[in-house]
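Report on the following structure.
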Amino acid sequence: QVQLVESGGGLVQAGGSLRLSCAASGSIFSRIALGWYRQAPGKQRELVARISSVGSSNYADSVTGRLTLSRDNGKNTVYLQMNNLKPEETAVYYCNTHPPATIYWGQGTQVTVSS
């Protein structure tokens, strides 16, 4: 079984950067695809980016070119580097498997982008 814990959120000005981390426990981490999701107030949760077990990544159109997803299987950690952040990207960010599994939704990490 895998447990996922997000960190790295915070308050940043528009145009700023943050790096989110998702630390995983469990021996199967290196064999599973993972995704970063976000949920803004009053909106549905959406997939931001996903990464395969071998490191191939895909991004939502709205973030392509500004976000970079990577994984370190030796550290059981996935990273989401976010650059040039926009106020509309204020949300709680979650990591989960891809496709997501209900049992792996955690607390998420809050990202607030001020204008």
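Points to keep in mind about this one:
- Additional length obtainable on full extension of the chain from Val5 to Ile32, 0.36 nm per residue less Cα span: 8.1 nm
- Theoretical FRET efficiency, 1/(1+(r/R0)^6), r = Cβ-Cβ of Ser53 and Ala14, R0 30 Å, to 0.05: 0.30
- For the chain: span of alpha carbons on each principal axis (Å, largest first): 41, 26, 22
- Counting every alpha-carbon pair across region 24-84, the share separated by more than 14 Å comes to 56%.
- Å² per residue, accessible surface of the chain at 1.4 Å: 52
- Using a probe radius of 1.4 angstrom, the carbon and sulfur fraction of the accessible surface of the chain is 47%.
- Highest-fluctuation residue, Ala49, Ala14, Ala91 considered, GNM on the chain with Cα pairs under 10 Å: Ala14
The values are calculated or read from the model by the stated rules, or taken from the named source; none is laboratory data. Keep in mind the model is a prediction, meaning the values are calculated, not measured. Because the Cβ atoms are built from the backbone with ideal geometry, glycine has one as well, and the counts that use them run over all protein chains shown. Ligands, DNA and RNA are excluded from the accessible area calculation, which covers all protein heavy atoms including side chains. Shrake-Rupley method; radii C 1.70, N 1.55, O 1.52, S 1.80 Å.
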